[in-house]
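Working notes for the structure below.
The values are calculated or read from the model by the stated rules, or taken from the named source; none is laboratory data. None of the values given here were measured: they were computed from a predicted structure. So basically every Cβ, Gly included, is an ideal-geometry build from the backbone, and we count neighbours across all protein chains shown. We work out accessible area using only protein heavy atoms, side chains counted, and drop any ligands, DNA or RNA first. Shrake-Rupley method; radii C 1.70, N 1.55, O 1.52, S 1.80 Å.
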Amino acid sequence: MRSKVYSLIAIVGLAIGLSVSILLFWGVNDELLYDTQFADAPNIYRLNAKIKMSDNTFDTWTSGPAPIGAVALREFPSVEQVTRYTDRQQVITAGDAHIIEKNASYVEPSFFSIFHISFLRGNATTALNEINNIVLSRTAAIKYCGSVDKAVGKTLLLGEKQLPYQVSAVMEDMPDRSSVHKDVLLSLEVIRKNFTGNGNWKTIDVDWGSFGFKTFLKLKPGTNVALLEKQLSAIHLKNNGFVKAGDVTYLFQPLNTLRLYNPDLTPAGIKVVKLFVWIGILIILIAVINYINLSTARATKRAKEVGLRRVVGANRKQLIIQFVTEFVIIFFASLLLSAILMPLLVPIYQNISGKNYNIDYWQVSTLKIVGWVGVGTIVMASIYPAWVLSSFNPTEVLKSTFNTQARGGWLRKSLVVLQFTFSILLIICTAVITKQMHYIQTKNLGYNRENVFLVGLNANIGKNLQAVVNDLKADKNIENVTFATDDIMEMGSSTDNINWPGKPNTEAHISPMQVAANFTSVMKMKMVDGEGFSGAPADSGYYLINESAVQLMNLKHPVGTIISLWGHPRQIKGVIQNFNNGSLKEAIKPAIFTQTESSQYGVLYIKARSELIKDAVAKTEKVYRAYNPAWPFEYHFMDDNFDAMYRKEIQTAQLFRAFAGVAILLSCLGLFGLAVFTAERRTKEIGIRKVLGATIQSISVLISREFAWLVIIANIIAWPIAWYVTNQWLQDFAYKTPISWWIFLLSGCISLLLAILTVSSQAIRAAMINPVKSLKTE
């Protein structure tokens with residue numbers, strides 16, 4: 001109570017630090033809990049396929065051929081269980097409602113045992129006995145049937161043909177923190193029955209060429225996973241005569257790494273998780289440093305108290321306990337204030353991070369986080385000040401010549417440098433991430449996505465496609481319409497069935513897409529050689545390829561060259577300027593276009609007039625429902641899809657901005673406390689300088705200068721560290737912005753300006769005090 005300013009700075013600073021770090025650690029804990037709720041999680045693996053690409057690089061897929069799982073279970077005793085499934089979006093008709101269910105899969109009964117599915121109605125043994133059975137989660141049962149009790153026995157209609165499926169069971173909702181979360185399950189027998197063959201492979205059980213099934217295996221503890229990978233790779237080579245040794249290998253990915261690691265087991269989201277752990281530690285460290293600096297700086301005022309206590313019999317252990325207890329009281333005051341702040345910060349954190357859960361303050365994991373943060377904070381913040389204050393010699397302390405300024409001065413300066421190093425590091429990282437996001441959002445992708453929205457094609461629309469296109473084009477709200485078999489932003493599928501003159505004896509992959517004649521013109525794609533499709537019947541005998549495909553084939557004069565896709569030889573009519581057909585984290589893939597008049601799958605591209613977008617969407621829905629009344633209408637703007645592709649990076653940039661702001665706030669708060677203390681300590685000196693003619697400006701510069709140097713040193717330390725960290729982060733992008741020198745200079749200027757403003761406010765206040773009053777101060 002006697003030191004209100006210092007106490008307030010310590011309590012508020014710690015409260016902010018505790019709130020932010022606890023939020024961060026809670027978010028980190030949530031990420032680490034993914035896929036850990038399953039009883040056998042440590043022994044469950046997903047089987048990924050590592051594929052050699054045309055440029056001799058490798059791509060790792062999360063799915064593989066159907067037979068590999070069955071062979072693994074049959075031939076290797078170390079494999080206890082196997083389940084295979086394939087995800088297929090479904091349109092479910094329940095009564096008059098037609099709903100697109102995106103979280104549906106065709107599974108084997110073993111799915112229920114590997115992932116320990118509990119049933120509310122029905123059981124795992126009979127759930128998928130019949131080919132037309134369907135299993136719903138609790139949430140899906142309520143959604144489609146009204147309640148769990150009414151679900152079993154009810155008939156739902158699936159797909160455009162509205163095939164009847166009977167609900168045979170209702171399972172409990174799978175954990176939210178699960179990478180295999182499903183709401184609607186159907187029998188894999190449906191896929192097996194409807195399989196029409198794939199070249200020489202007549203059933204899915206012998207089809208080694210289609211990689212459309214996710215395979216999970218439960219292995220016995222202690223299994224030699226590396227050896228099993230080699231054995232399964234050898235089996236694939238033996239059964240697939242179209243690949244060479246090393247073209248396809250298998251990789252086991254532990255279940256609990258699916259969320260945070262790439263399919264090839266390289267770090268992905270775990271890098272951000274680790275980064276946030278470090279940021280949480282840095283935030284709480286900055287708050288702790290404030291307390292340490294203020295406590296050791298105020299040692300002069302407590303020196304006589306310590307000396308007198310020692311004289312009347314207190315030993316050092318008792319003094320240490322006293323000072324630690326003082327901090328514990330301050331800590332709990334901060335924790336109380338933090339509890340008030342948390343409800344205000346949680347919605348902000350949820351909005352930025354995209355996490356839609358509520359924090360349960362009494363949950364065991366939350367209490368553990370608070371406990372660990374509390375213990376760590378108390379240990380870091382109390383031990384050193386208590387050690388310093390209890391170490392004073394009572395004989396020296398009680399002498400008038402005793403001076404504590406020499407004690408701990410270098411440490412306080414070092415800690416201020418450390419604080420601002422952390423803050424500047426966060427400022428630079430924030431600036432680089434923001435610059436990269438701006439680069440991504442403004443980069444010329446090779447096509448114009450502005451005001452373009454996509455609508456999925458199906459059989460009903462496909463057989464009336466030209467009529468649909470003509471109806472849409474006739475509307476004044478719509479500028480143009482085209483269609484293609486893929487979303488140009490995510491041409492994920494590829495084929496190695498491509499040949500050209502002089503092709504070496506290596507595997508080559510290219511991404512094919514069928515497009516309407518006007519596709520390249522509507523999307524404003526540039527031709528660098530030759531010409532695009534004109535709509536003439538002769539266009540069916542031509543291909544368009546992109547520059548990356550020209551490079552793949554090493555063609556000096558591509559236009560007119562005859563190449564073969566899927567055994568169909570045709571001439572190259574034109575070369576399209578490279579366009580981003582995937583994430584900017586990846587290099588542009590070779591692509592090939594064929595011209596088509598119609599398609600029963602793929603997407604419609606509708607370009608709306610900028611001022612009439614809502615009307616264009618309404619018109620499209622009206623036309624869509626006229627030709628396809630039983631199918632739900634869905635649309636997506638390309639801009640929204642593009643933003644969704646980089647949602648994690650955008651969230652990271654927003655979080656960094658928030659954390660950098662908190663770090664600077666806490667650093668300036670600590671600097672303010674030291675400035676107050678410095679002004680108090682130098683009150684007489686300032687009075688004497690004023691009497692001798694010093695101006696307020698010169699005194700302000702004198703006091704601010706020592707702190708300014710500390711911030712400059714912090715910049716010198718932070719810059720190389722920040723360059724290394726941001727350069728490493730940018731390596732994830734094939735297309736990236738340069739790390740500009742002005743970002744470092746700007747961060748230095750911002751940190752220096754904030755420090756000077758923080759200190760000079762107290763320096764000016766001290767300089768304005770009447771020197772007569774200053775010289776009377778004891």
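Could you count how many residues in segment 652-673 are open to solvent by less than 40 Å² (accessible area, probe 1.4 Å) and either among the polar types (S, T, N, Q) or more than 30 Å from Gln419 (Cβ to Cβ) (or both)?
2
Would a scan of segment 346-358 turn up a residue that is at pLDDT below 70, part of a loop (DSSP other than H, G, I, E, B) and small (Gly, Ala, Ser)?
The answer is no, given that none of the residues of segment 346-358 is at pLDDT below 70, part of a loop (DSSP other than H, G, I, E, B) and small (Gly, Ala, Ser).
Is it fair to say Ala104 is over 30 Å from Pro590 (Cα atoms), crowded, with 19+ Cβ neighbours inside 10 Å and among the aliphatic types (A, V, I, L, M)?
Yes, satisfied.
Just give me the residues in segment 233-257 being part of a loop (DSSP other than H, G, I, E, B) and surrounded by fewer than 19 Cβ atoms within 10 Å (Cβ to Cβ), in sequence order.
Once the filter is applied, which keeps residues that are part of a loop (DSSP other than H, G, I, E, B) and surrounded by fewer than 19 Cβ atoms within 10 Å (Cβ to Cβ), segment 233-257 yields Asn240, Gly241, Phe242, Val243, Lys244, Ala245, Gly246.
Out of everything in segment 192-232 that is touching a residue at least 60 places away in the same chain (Cβ under 8 Å) and part of a helix (DSSP H, G or I), what residue ends up being nearest to Pro77 (Cα to Cα)?
Leu228
Look at Gly582 and say whether it is out of contact with any strand residue (DSSP E or B) (no Cβ under 8 Å at 6 or more places or on another chain) and open to solvent by less than 20 Å² (accessible area, probe 1.4 Å).
Criteria met by Gly582.
Tell me, yes or no, whether segment 147-168 has at least one residue that is modelled with pLDDT of 95 or more, surrounded by 21 or more Cβ atoms within 10 Å (Cβ to Cβ) and within 30 Å of Leu33 (Cβ to Cβ).
no
One residue is enough: does segment 364-374 have a residue meeting the conditions surrounded by fewer than 16 Cβ atoms within 10 Å (Cβ to Cβ), at pLDDT below 75, outside any helix (DSSP H, G or I) and out of contact with any Cys (no Cβ under 8 Å at 6 or more places or on another chain)?
Within segment 364-374, none of the residues are surrounded by fewer than 16 Cβ atoms within 10 Å (Cβ to Cβ), at pLDDT below 75, outside any helix (DSSP H, G or I) and out of contact with any Cys (no Cβ under 8 Å at 6 or more places or on another chain).
Residues that are within 30 Å of Asn715 (Cα to Cα), open to solvent by 10 Å² or more (accessible area, probe 1.4 Å) and at pLDDT 90 or above: list the helices (runs of 4 or more DSSP H) wholly contained in segment 407-504 that include at least 1 such residues.
409-442
Quick check: anything in segment 679-688 open to solvent by 50 Å² or more (accessible area, probe 1.4 Å), over 30 Å from Gly280 (Cα atoms) and of a type in the set (Val, Ile, Thr)?
Within segment 679-688, one or more residues are open to solvent by 50 Å² or more (accessible area, probe 1.4 Å), over 30 Å from Gly280 (Cα atoms) and of a type in the set (Val, Ile, Thr).
Can you name the residue in segment 619-631 that is modelled with pLDDT of 85 or more and not small (Gly, Ala, Ser) and, of all such residues, is most open to solvent (accessible area, probe 1.4 Å)?
Restricting to residues being modelled with pLDDT of 85 or more and not small (Gly, Ala, Ser), the top hit is Lys622.
Does segment 607-615 include one or more residues that are in a strand (DSSP E or B), touching a residue at least 40 places away in the same chain (Cβ under 8 Å), surrounded by 20 or more Cβ atoms within 10 Å (Cβ to Cβ) and on the phi < 0 side of the Ramachandran plot?
Checking segment 607-615: at least one residue is in a strand (DSSP E or B), touching a residue at least 40 places away in the same chain (Cβ under 8 Å), surrounded by 20 or more Cβ atoms within 10 Å (Cβ to Cβ) and on the phi < 0 side of the Ramachandran plot.
Here is a list of conditions, (1) over 30 Å from Asn464 (Cα atoms); (2) open to solvent by 30 Å² or more (accessible area, probe 1.4 Å); (3) of a type outside the set (A, V, I, L, M), and Ser521 meets all of them except one; can you say which number that is?
(1)
Determine whether segment 201-208 contains at least one residue that is open to solvent by 60 Å² or more (accessible area, probe 1.4 Å), more than 15 Å from Ile44 (Cα to Cα), charged (D, E, K, R) and under 36 Å from the mean Cα position of the chain (by Cα).
The answer is no; no qualifying residue exists.
Go through segment 626-728 and tell me which helices (runs of 4 or more DSSP H), entirely inside it, have 2 or more residues that are within 26 Å of Leu294 (Cβ to Cβ) and over 29 Å from the mean Cα position of the chain (by Cα).
Those helices (runs of 4 or more DSSP H) span 647-681, 683-691.
Restricting to segment 46-61, give me the number of residues that are modelled with pLDDT of 85 or more and either open to solvent by 40 Å² or more (accessible area, probe 1.4 Å) or under 30 Å from Ile279 (Cβ atoms) (or both).
Total satisfying the criteria: 3.
Contact list please: Cβ distance under 6 Å, first residue in segment 586-605 and on the phi > 0 side of the Ramachandran plot, second residue among the aliphatic types (A, V, I, L, M) and modelled with pLDDT under 90, pairs at least six apart or on different chains.
Matching pairs, first to second residue: Gly602/Leu457.
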